[in-house]
Structures are given as C-alpha cells and as structure tokens.
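The values are calculated or read from the model by the stated rules, or taken from the named source; none is laboratory data. The structure presented is a predicted model; accordingly, all values stated were derived computationally and were not measured. Glycine gets a Cβ as well: all are built from the backbone with ideal geometry, and neighbour counts include every protein chain shown.
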Amino acid sequence: MITTTSTTMEGAILKLPCLRTVSRNPNLTNRSSGSLRWRSRPLHVSASAASSPSLINDTKIGPGSLGHITRSDFPILHQEINGSKLVYLDNAATSQKPTAVINALQNYYEAYNSNVHRGIHYLSAKATDEYESARQKVADFINAAGAREIVFTRNATEAINLVAYSWGLSNLKPGDEIITTVAEHHSAIVPWQFVAQKTGAVLRFVNLTEDEVADVDQLRGFLSRKTKLLVIHHVSNMLASVLPMDEVISWAHDVGAKVLVDACQSVPHMVVDVKTLDADFLVASSHKMCGPTGVGFLYGKSEILSAMPPFLGGGEMIADVYLDHSTYAEPPSRFEAGTPAIGEAIGLGAAIDYLSEIGMQRIHDYEVSLYPLTSYS
Ligand SMILES: Cc1ncc(COP(=O)(O)O)c(C=O)c1O
C-alpha cells in the first residue's frame, strides 16, 4: 500500500506534521533539546526503481504515479463507499493486502494446508518448505545474518513480550535501567513495566522536545553503565518522526546496553538493514506491511537468541522431554511453541516479495515526494 505517511494511531485521525527526521544537534549539550530538520528527498534509487520506466518521471499523484500503478493490486480499493471511490490512509494501523498476498493465503489452504516440521508426507514437506522460505525472505528483507535470527510471533506486541519475559527476566536485576521514550507504542511500554516490577529494574522515560519528537540528546544523557536495555521506535506512529537509529544504537552500545528497535512503522516504508543499524533486537508486524494479520517477527542477533530461555512451553520448542524436565531446541524453534500461523507467515513472505519487487527505496522516495501534500492544517 503506497501512502503518504504513518500518522495515525490505532485508527484515530490525528492532526500531525509531516514525516520528520530527528538529528542530534552537535552544538547542544547532552540534556538540551534535540534539533529537527525536515527530511529532504533521498538521493538513492534502488536497482528495481532505476530499471522501472515510471519512477524518474513519476508524478506525485494521478496516472503514472506509483500510487496509481499499485492501486489496482489491492482488491479492497475496487469498490465505492457511499458513492465514492474508496481511499484508505490508515496504514499505520494496518495496511491493505495486495492480490498476491490474498492468493498466497488461499493457495496454502487450497493446495497444501498441513502442519509444519512434524509430517513426512508431501503436504507437510511443502508447507514446511514454504514456511521456512518465508522466514528466509524476512531475513533477507532486513539483511539479517540468516533465517535462524528470525522468530515468527503473533505480532510485534508478542515479539516485544518475548524479549521482555525471556531476555528481560533473566538479565535484569534491581538498579539496572531500561531506557525508553514517552512516544513508544503501549506494546513497547507495558511489557517493560511488568519486567521492572518483577526484577526491580528502573524504567526511565525520555521526553519530547518542543518540536514534539523524542529528545535524543536527553536520551544520550540518560545512558550510563546502569543502562541494560534501550527500547525505542525507529519511526513514531504518533509523531511521524524518524530517529537517527544508527547513532542512537551506537551510543547505547558504548555503555554496554542492548537495543530493541520497534520497526513497526519503518519496515513497511523504507530500507531497514539490521546489520548497518547493529540492532540487537528488532520487531515488526506483518499486517502493517501488506501481509496478513496474526503474524509478526522478532529479529535477534544469533548469539543473544541462543543464550535466551524459552518464552512459552509446548511442542516444537523442545529437543527432549522427560517427565521432570525438558531440553530446548535451538532458536528460532525454541521461541515458536505450538502450531504457528503457517498460512499467514507464507502470506508475509508474499508481501515481502511484493514490496521488494517495487523496491523499498522506491516506495520511500515516493512517500517522501508526497509529504508536502500531507501538511494538515
Ligand atoms: C510503533 C508501533 N509499535 C508497536 C505496535 C504494535 O503492533 P501490533 O498491534 O501489530 O502488535 C504498533 C501498532 O500500531 C506500532 O505502531
């Protein structure tokens, strides 16, 4: 779904400024306000975009624009509501699904519905191959080192809870600090309240600047050897601001902290590369990136996931089960107890194919070109 920006929160229509990039002002001291600059049109054009005849001459709206070209891919938009063509802008809450994703789901149920990792018959082998291929697609999409670093979850919320209950409960102790911002989605705040209550760790909140973006200078000032985890959005669902994530992550790593990036609103709109960012954990939801509901993912650095205990117990996550104890599978299976959302994960793979075919840089460039049209007044 090609749209203007991520400026709604759970369906509520907010009057917000255009997408903004936050940068740290080097002239300011650690605790002073961060600066704000309007994001300029990016210079990079992806290979797929460059090979497409339409981008360079792209008009912002109307025939020939990326939005116009892709509109026909979304069956839900082929209807009139109250006598008008349907226009959908609530992509921050959930995106619409292209035909390719709907077909992938339908094909799974019509042609090879079966459980994964537990059958030796044709359908199970096919379902397992497709499910694992979807995991590889997610890994490639965010440039993870391998599919073993991708855990399928129900959504981003469950991915954050996985890190909270598994990594958080086993690594945090009284006096340790978890730093986050007041601009996080509730799913990135509440799990850490649970963990702070259970471990005695302290949850500290970075405020907004006068420009209403997370104050990255205050954040830098908060970081210390006591900081064990930074939980932070890449693009804000409330403020539409883009944080300088690579810088922020390097500051956190300088004090030995791990970083969990909430990439729900960045992964669908721009190139996100976990190696370049050096993120320790990163989460996103399929349904915000043209994929089905019911599936999301956690990226975790391999060595960190390997050291984490399971989050949920059940089938699939075990190596051996005895009556008094069990041993656990290696990640990612260790964190995928029970039958997963198989068709939905395969649908997410189809959504990634769809987005990749257009090109994430191209999508980003197009969205940026629309920002002037989105100044709410
Ligand atoms: C920034 C951000 N983080 C986390 C979430 C939670 O996503 P989900 O409800 O799919 O788990 C959302 C959903 O709106 C979001 O915008």
**Fill in**
Result of the Cβ filter at 8 Å on the range 355-367, keeping first residues that are over 19 Å from Lys60 (Cβ atoms) and partners that are at pLDDT below 95 and in a helix (DSSP H, G or I), at least 6 apart or interchain, is Ser356/Ser48; Glu357/Ser48
**Request:** Would you check if Arg118 is more than 27 Å from Leu203 (Cα to Cα), away from the ligand (no atom under 16 Å from the Cβ), surrounded by fewer than 17 Cβ atoms within 10 Å (Cβ to Cβ) and of a type in the set (Lys, Arg)?
**Result:** yes
**Residues located in the range 151-200, provided they are among the basic types (Lys, Arg) and either more than 18 Å from Glu336 (Cα to Cα) or crowded, with 19+ Cβ neighbours inside 10 Å (or both)** = Lys173, Lys198
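On the given criteria, is Ala159 part of a loop (DSSP other than H, G, I, E, B), within 16 Å of the ligand (Cβ to nearest atom), in contact with a strand residue (DSSP E or B) (Cβ under 8 Å, 6 or more places away or on another chain) and on the phi < 0 side of the Ramachandran plot?
For Ala159, the condition - part of a loop (DSSP other than H, G, I, E, B), within 16 Å of the ligand (Cβ to nearest atom), in contact with a strand residue (DSSP E or B) (Cβ under 8 Å, 6 or more places away or on another chain) and on the phi < 0 side of the Ramachandran plot - is not met.
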**Item:** Whichever residue in the range 136-156 is in a helix (DSSP H, G or I) and closer than 16 Å to Pro309 by Cα and, among such residues, is farthest from the ligand (Cβ to nearest atom)
**Value:** Arg148
**Item:** Of the criteria (1) at pLDDT 95 or above; (2) aliphatic (A, V, I, L, M); (3) part of a loop (DSSP other than H, G, I, E, B), which one Leu239 fails
**Value:** (1)
**Request:** Determine, yes or no, whether Arg148 is of a type in the set (D, E, K, R), in contact (Cβ under 8 Å) with a residue 40 or more places away in the chain and surrounded by fewer than 19 Cβ atoms within 10 Å (Cβ to Cβ).
**Result:** yes
**Prompt:** Does Met308 meet the test of being of a type outside the set (D, E, K, R), under 26 Å from Thr339 (Cβ atoms) and touching a residue at least 12 places away in the same chain (Cβ under 8 Å)?
**Reply:** yes
**Request:** Select from the range 162-180 the residues that are in a loop (DSSP other than H, G, I, E, B) and touching a Leu at 6+ places or on another chain (Cβ under 9 Å) and write down the one among them that is nearest to Gln218 (Cα to Cα).
**Result:** Asp176
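State all residues of the range 73-113 that are charged (D, E, K, R) and either more than 30 Å from Leu123 (Cα to Cα) or in a helix (DSSP H, G or I) (or both); if no residue qualifies, say none.
Passing the criteria: Glu80, Lys85, Asp90, Glu110.
Does Val190 satisfy the condition of being touching a helix residue (DSSP H, G or I) at 6+ places or on another chain (Cβ under 8 Å) and at pLDDT 95 or above?
no
Residues are listed down the side, and each one gets a yes or a no for (1) hydroxyl-bearing (Ser, Thr, Tyr); (2) at pLDDT below 95; (3) crowded, with 18+ Cβ neighbours inside 10 Å; (4) touching a helix residue (DSSP H, G or I) at 6+ places or on another chain (Cβ under 8 Å):
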{"position": "Gly338", "(1), (2), (3), (4)": "no, no, no, no"}
{"position": "Glu357", "(1), (2), (3), (4)": "no, no, no, yes"}
{"position": "Arg362", "(1), (2), (3), (4)": "no, no, yes, yes"}
{"position": "Val368", "(1), (2), (3), (4)": "no, yes, yes, no"}
{"position": "Ser377", "(1), (2), (3), (4)": "yes, yes, no, no"}
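Kindly indicate whether Val248 is of a type outside the set (Gly, Ala, Ser), outside any helix (DSSP H, G or I) and within 16 Å of the ligand (Cβ to nearest atom).
Details: of a type outside the set (Gly, Ala, Ser): yes; outside any helix (DSSP H, G or I): no; within 16 Å of the ligand (Cβ to nearest atom): yes.
Here the answer is no, as Val248 does not meet what is asked.
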**Evaluation of Ile178 against (1) under 17 Å from the mean Cα position of the chain (by Cα); (2) closer than 25 Å to Ser236 by Cβ (one fails), failing number** = (1)
